[in-house]
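The block underneath contains the structure these notes are about, expressed in structure tokens.
The values are calculated or read from the model by the stated rules, or taken from the named source; none is laboratory data. Small disclaimer: the values here were computed from a predicted structure and weren't measured. In this analysis, Cβ positions are derived from the backbone assuming ideal geometry, glycine residues included, and neighbour counts consider all displayed protein chains. Surface accessibility is based on the protein's heavy atoms, side chains included, excluding ligands, DNA and RNA. Shrake-Rupley method; radii C 1.70, N 1.55, O 1.52, S 1.80 Å.
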Amino acid sequence: MSTRLILIRHGRTEWNHDGRFQGQADVELDAVGRAQAMAMASRVALLAPGVLLSSPLVRARETADALASATGLEVVVDSRLAEINVGSWAGKRMEDAAAEVPEFYEWLRAGVDFRRSPTGETATEAGSRVASALQEAAEANAGGVTAVVGHGLAMRMAILQLVGWDMVSGLALSGLWNASWSVLELRDRWRILSYNNVVPEA
């Protein structure tokens with residue numbers, strides 16, 4: 001029996017475009033992000049998901065609503081799907097974080113886990129939270145297809161944990177792009193069937 005998860009990153013926001021950390025700040029989609037969400041929805045609807053879950057953050061909810069309109073599914077919100085909490089770094093840029101943590105860029109390059117600001121989560125903590133939600137979603141819809149709308153870092157870390165890769169191995173995967181979808185399959189174990197699919201820009 002094959003159980004599949006379609007893991008979708010939300011569309012673009014102004015903060016994405018501006019290179020700012022969002023974390024759990026509630027930033028809505030910009031015009032590009034709304035168009036991305038609609039284009040993604042038309043493609044992902046063809047994969048026939050039977051359940052649709054979403055992070056509670058507005059950028060994910062707006063993206064999920066586009067898919068709900070394309071499929072007729074109801075959006076079920078799970079707070080565990082929220083993005084990594086970056087605490088006091090919300091709204092800041094990478095250079096701001098590097099000014100606080102001199103090892104910031106080196107740790108990113110080396111796949112070292114670290115806390116995103118003194119009041120934030122580590123990538124592993126966020127990934128564990130999301131992976132738990134994904135595992136439960138798969139068990140609840142065993143043999144079916146579940147679409148899940150979430151966030152870039154937390155979702156990628158959850159993928160690594162489900163397939164059994166550490167952070168260094170995970171450097172082989174690019175970050176998840178806005179309005180991308182990746183497909184995981186559970187049979188005897190989790191496998192990545194596709195990763196970071198996007199609708200080409202016109």
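Any idea what % of Cα-Cα pairs in region 151-202 are farther than 12 Å? The share of Cα pairs beyond 12 Å in region 151-202 comes to 66 percent. Taking the three principal axes of the alpha carbon atoms in region 55-105, the coordinate ranges are 48, 18, 16 Å, sorted in descending order. With Rh defined as the Kirkwood radius, the inverse of the mean 1/r over Cα pairs, the Rg/Rh of region 10-123 is 1.05. Gain on full extension, evaluated as 0.36 nm per residue between S79 and R187 minus their Cα-Cα distance, stands at 36.2 nm.
Surface composition of the chain: carbon and sulfur make up 53 percent of the accessible area, probe 1.4 Å. Each eigenvalue of the Cα gyration tensor of region 60-163, multiplied by 5 and square-rooted, gives one semi-axis; in descending order these are 30, 16, 10 Å. I want the antiparallel fraction of DSSP beta bridges within the chain, as a percent rounded to 5. Of the beta bridges lying entirely in the chain, close to 50 percent run antiparallel. With viscosity 1.306 mPa s and temperature 10 °C, the Kirkwood radius over alpha carbon pairs of region 3-50 converts through Stokes-Einstein to a diffusion coefficient of 132 µm²/s. Restricting the calculation to alpha carbons of the chain gives Rg and Dmax of 16.1, 50 angstrom. Peptide packing for 56-64, 10-18, 167-175 was compared via the average number of neighbouring C-beta atoms within 10 Å per residue; ordered from the highest value, the list is 56-64, 10-18, 167-175.
Based on protein heavy atoms only, the chain ends up with 46 Å² per residue of surface accessible to a 1.4 Å probe.
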